Structure formats: C-alpha cells, structure tokens
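Q: Have a look at this one before I ask anything.
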Amino acid sequence: MMAAQNVPAVNGEIRENELMSRHTSWRVGGPAGVFFKPDGLDDLSQFLRSLESNVSVFWFGLGSNILVRDGGLRGVVIATAGIFNVLEKLRGHRVRVGASVACTQLARQCVRWDFGPSEFFAGIPGLLGGALAMNAGAHGGETWERVSSVQTIDRFGEIRRRFPDEYVVGYRNVQGPTDEWFVEAELEFEPDAIASMETLKEMLEQRKDTQPLGLPTCGSVFRNPPGDYAARLIDACGLKSCRIGEAEVSEKHANFIVNRGDASARDIENLILHVQQTVADQTGVELIPEVKIVGEDTI
C-alpha cells in the first residue's frame, strides 16, 4: 500500500488506509492505500501533476455500481462526491452539470426547467460521472443520448473538452481515452419534448416499489441480455433469496444482490459467479455484470 506521506501537499483531505466499506453502497471493501478528497478541480489537477507516474489512480464517486474486494485498492483513490456540483442552465435546451451531481437531482431540475426527455435520469442511482462512464440508463433513456460535450481530467492533471465522436458508446459501455475521468458535461434536450414532474414521480415510486432500496446494494448487478431481462432469467432459475454468507439475491428484484448484514466482498462476488453459472447452465444465456469489480482479494 502507498503511504500518505509520499503524496504531494494538497488543500483537500487525505486519509491513509481508509476502509472502502465506509463509502460503497454495498458497505463492503478493504482499505485504500491513500484516499484523497480534493477541494476542487485546481487542487485535483495539481495533485495529479505532482503524483509519481508509477502510482495507480482509481476514480471514485458515490460508490454505487462497484464492488471493492476485501483486500482493498492499492495506490490512490480520488473521491469526487460533493466536489463537481455545478448545475447550470445554458442557452437553448442545454445544461452544464458536474460529475458529482446526483442523477435524481439532475432529473428534478431539468423537469423544473421543462427540459425533456430528462425524467429517466431519476431512475439512475448514483452520480452523473458514473452514468457517463457506463452510459447508464433507465425507462428507455440513456445518458449519452443527451451528451453534447464533456470535460475530463487525465492522469497527469490536464483538463480537456471532448465530444461524443471521441467515444465508442454502447449499451452500459463507454470506451474512450485511457486514464481520463469525467469532470462535467453539457447535456442537450429536445425543444419539443414536454417534461413532466408527474412522470418523474411515477418513476421514483416504481423504483421504490420494485427495488430493495432499504438495504445495502449496488443497483442492477447484470446487464439485460438482448431481448430479455436479467431479473426474469434469474427469477426463472429459482435464484431469488439464494444466499452465500450474508449476500442474498433480493426477493423483491432478482437483479439486485443485497448485503443482509455482514457480507464480505467475497460473499457477494461468489454469489455473482453462482448466479452467472446457474443461469448459463439452465438457459444458455451468459449474464454480463453491470457492476464493476475492482481491488485485491487479500491485503
């Protein structure tokens, strides 16, 4: 593990051997060598420019849609929640929004501005930065359908403006320049679309009724296969309530795995693998994880 005394002086907060279980929505994960929360973009840029080139960097938002293994993360974790919070109306039907803005907050504000279609963002857990990184979507809408440009910062602290044609975007997948992370985006909505607060509220109610929101979870574990739903396949294989340790396939929504109390990251990963294998054996469909699994098995 990297020691905090080996990183450059900054204005933000640095913690050594910070347990990632304090920050992930699954409430699991071992220690980060160095956990850095910058106080802004300039502080982050200076930090990255000064960091030794052989030190690994992991970009971390709200901690949803990620499984950090029990051995933790070597190198430096950049914690961005609460840092890039701009949410600004621009000319036309454009919005400038920071990577740390919650997708639900974005949806509510866009509806207030009568920018549509934007309600679908309310169905995406986590922050805009994560939604950009994986082209998150809900209720038939996807993040990158609305992107007109993004601002990024790279491993060496350089800030750039990039455009959609510089990325390969697919279903829950985005490929772009390596070692770059999203700081903010400009989103563009349709002039003739009618935004509805009622529709947004209905989406939030549907999410509340169909997902286990009161328990530690990461959101959807698997991508939906073409023409089908991961939850339907998992349910059809009799896997609801299946448990390994304190990790359990949700009875409420089969594409959610919940931490019933004191699950380890290993419990959750083993349950993911078990669900994949069972569905493949019984249906011939290979489920692809939507959740990102990172870190070391042991310290």
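The values are calculated or read from the model by the stated rules, or taken from the named source; none is laboratory data. On a predicted model such as this, the values are computed, not experimentally measured, just so you know. Note that we place each Cβ from the backbone using ideal geometry, even for glycine, and neighbour counts take in every protein chain shown.
Q: Residues in segment 124-138: is at least one outside the structural domain of Ser21 (by TED's automatic domain parsing) and surrounded by fewer than 19 Cβ atoms within 10 Å (Cβ to Cβ)? Write out each step before concluding.
A: Step one: of segment 124-138, the residues outside the structural domain of Ser21 (by TED's automatic domain parsing) are 124-138.
The next check asks that each one be surrounded by fewer than 19 Cβ atoms within 10 Å (Cβ to Cβ); those that pass are 135, 137.
Yes: one or more hits.
Q: Here are the criteria: (1) crowded, with 18+ Cβ neighbours inside 10 Å; (2) at pLDDT 95 or above; (3) within 20 Å of the chain's Cα centre (by Cα). Tell me which single one Val279 does not satisfy.
A: (3)
Q: Name the single residue, out of those in segment 172-198 being among the aromatic types (Phe, Trp, Tyr) and either out of contact with any Pro (no Cβ under 8 Å at 6 or more places or on another chain) or farther than 17 Å from Ala122 by Cα (or both), that is surrounded by the most Cβ atoms within 10 Å (Cβ to Cβ). Working first, answer last.
A: Of segment 172-198, the ones among the aromatic types (Phe, Trp, Tyr) are 181-182, 189.
Keeping just the survivors that are either out of contact with any Pro (no Cβ under 8 Å at 6 or more places or on another chain) or farther than 17 Å from Ala122 by Cα (or both) gives 181-182.
Numbers: Trp181: 21, Phe182: 26.
Ranking the qualifying residues of segment 172-198, first place goes to Phe182.
Q: For residues that are outside any strand (DSSP E or B) and either of a type outside the set (D, E, K, R) or touching a Ser or Thr at 6+ places or on another chain (Cβ under 9 Å) (or both), tally how many sit in segment 124-153.
A: Pass one, segment 124-153, residues outside any strand (DSSP E or B): 124-126, 128-136, 139-140, 143-146.
Subset that is either of a type outside the set (D, E, K, R) or touching a Ser or Thr at 6+ places or on another chain (Cβ under 9 Å) (or both): 124-126, 128-136, 139-140, 143-144, 146.
Here the count works out to 17.
Q: Look through Glu198, Glu186 and report the one residue that is free of Cβ contacts under 8 Å to residues at least 12 places away in the same chain and either of a type in the set (D, E, K, R) or in a loop (DSSP other than H, G, I, E, B) (or both). Reasoning before the result, please.
A: On the way: Glu186 fails: free of Cβ contacts under 8 Å to residues at least 12 places away in the same chain.
Checking each option against the conditions leaves just Glu198.
Q: Let me ask you something else. Any chance you could count how many residues in segment 256-275 are touching a Leu at 6+ places or on another chain (Cβ under 9 Å) and either in contact (Cβ under 8 Å) with a residue 40 or more places away in the chain or outside any helix (DSSP H, G or I) (or both)?
A: 11
Q: Follow-up. Among the residues of segment 60-67, is any at pLDDT below 95, in contact with a Leu (Cβ under 7 Å, 6 or more places away or on another chain) and closer than 21 Å to Val291 by Cβ?
A: yes
Q: Residues in segment 201-227 that are in a loop (DSSP other than H, G, I, E, B) and farther than 21 Å from Leu271 by Cα: how many?
A: Here is the first cut: in segment 201-227, the residues in a loop (DSSP other than H, G, I, E, B) are 211-221, 223-227.
Next, only the ones that are farther than 21 Å from Leu271 by Cα stay: 226-227.
Of the residues in that region, 2 qualify.
Q: Also: Looking only at residues in segment 199-251 that are at pLDDT below 95 and on the phi > 0 side of the Ramachandran plot, which one is surrounded by the most Cβ atoms within 10 Å (Cβ to Cβ)?
A: Applying the filter and picking the extreme gives Gly219.
Q: May I ask you to list the residues in segment 157-171 that are surrounded by 12 or more Cβ atoms within 10 Å (Cβ to Cβ) and either among the hydrophobic types (A, V, I, L, M, F, W, C) or touching a helix residue (DSSP H, G or I) at 6+ places or on another chain (Cβ under 7 Å) (or both)?
A: Gly157, Ile159, Pro164, Val169, listed by residue number.
Q: Moving to a separate point now. Determine, yes or no, whether Ser45 is touching a residue at least 40 places away in the same chain (Cβ under 8 Å) and of a type in the set (Ser, Thr, Tyr). First the steps, then the outcome.
A: Details: touching a residue at least 40 places away in the same chain (Cβ under 8 Å): yes; of a type in the set (Ser, Thr, Tyr): yes.
Against the criterion (touching a residue at least 40 places away in the same chain (Cβ under 8 Å) and of a type in the set (Ser, Thr, Tyr)), Ser45 qualifies.
Q: How many residues does segment 104-123 contain that are buried (at least 21 other Cβ atoms within 10 Å of the Cβ) and within 18 Å of Thr217 (Cα to Cα)?
A: Result for segment 104-123: 2.
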